[in-house]
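Since the structure comes first, as structure tokens, the remarks are kept for the end.
The values are calculated or read from the model by the stated rules, or taken from the named source; none is laboratory data. None of these values were measured; they are calculated from a predicted model. Cβ placement follows ideal geometry from the backbone for every residue including glycine, while neighbour counts extend to all protein chains displayed.
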Amino acid sequence: MKKKIILAVIAGAAMLLPIACTNQAPAPESGAATLDELFATRRSIRSYDASKTISAEEVRTLLTAAQQAPSWANTQTSRYYVAVSPEKVAAAKECIGERNAQNVAGAPVIIVSTFVKGQSGFGRGQAVNEVGEGWGAYDNGLSNAYLILKAREMGFDTLIMGFRESDRLRALFAIPEGEEVMAVIALGYRAGEPNQPRHKSLDEIAKFF
Ligand SMILES: Cc1cc2nc3c(=O)[nH]c(=O)nc-3n(C[C@H](O)[C@H](O)[C@H](O)COP(=O)(O)O)c2cc1C
């Protein structure tokens, strides 16, 4: 009888846990995080818990999600360079400016996102329209979006950084000249709760006809 009561108390506490951690997306195994929950809890994180690690296998899961993103004529030109060893992570953090480096000091993984030029938005070697290489950047951003939302679903946090030194990153990761270096993405676990950004009203960004 006593054993039954103890088990019931443990089960009850386990049920309450997700409620207590309101800003944490549910674990992926639960499959319970809706897209709206991911949108609500994903934020740019500028303070990371240095005691927590993320495995290369977990990063592979994120990259597999990124591969599901649409791309111009299925050209799939996005490429990722992943620093997981402490030495490479430290070296990559030296290529993102002082402020960004401070903000992601505790992040265990740094990902550099690039795209192969001259393919997305191109046909027979010519830009199909005025956007040119912008379509490769567009595809890369979509791919990044899938990655950061999958990261949130897995309970991770991210910071996309456009302030970075592309030449140093190119040398550090041996990125070919035919690829454009885009964002650097820090990956880790939040150490505190972020500020909520102000969003423009819908009427400022959309017109219906
Ligand atoms: C292309 C791009 C570049 C960014 N570069 C930086 C950066 O270098 N440093 C930084 O702290 N945040 C950077 N951000 C994060 C934005 O500031 C952030 O997404 C925005 O303020 C909205 O906040 P939220 O992501 O929490 O919704 C960047 C975001 C994007 C999409």
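Points to keep in mind about this one:
- Residues in the stretch 61-108 that are basic (Lys, Arg), within 16 Å of the ligand (Cβ to nearest atom) and in contact with a strand residue (DSSP E or B) (Cβ under 8 Å, 6 or more places away or on another chain): Lys93 alone.
- Filter result for Arg124 (out of contact with any strand residue (DSSP E or B) (no Cβ under 8 Å at 6 or more places or on another chain), within 15 Å of the ligand (Cβ to nearest atom) and modelled with pLDDT of 95 or more): no
- Selection status of Glu180, out of contact with any Phe, Trp or Tyr (no Cβ under 9 Å at 6 or more places or on another chain) and at pLDDT 95 or above: no
- Residues located in the stretch 154-186, provided they are assigned to a strand (DSSP E or B) and away from the ligand (no atom under 11 Å from the Cβ): Glu179, Glu180, Val181
- Filtered residue count, the stretch 109-120, keeping only those that are of a type in the set (A, V, I, L, M) and away from the ligand (no atom under 14 Å from the Cβ): 2
- Any helices (runs of 4 or more DSSP H) falling wholly within the stretch 41-153 and containing at least 2 residues that are buried (at least 17 other Cβ atoms within 10 Å of the Cβ) and under 12 Å from the mean Cα position of the chain (by Cα): 56-66, 134-153
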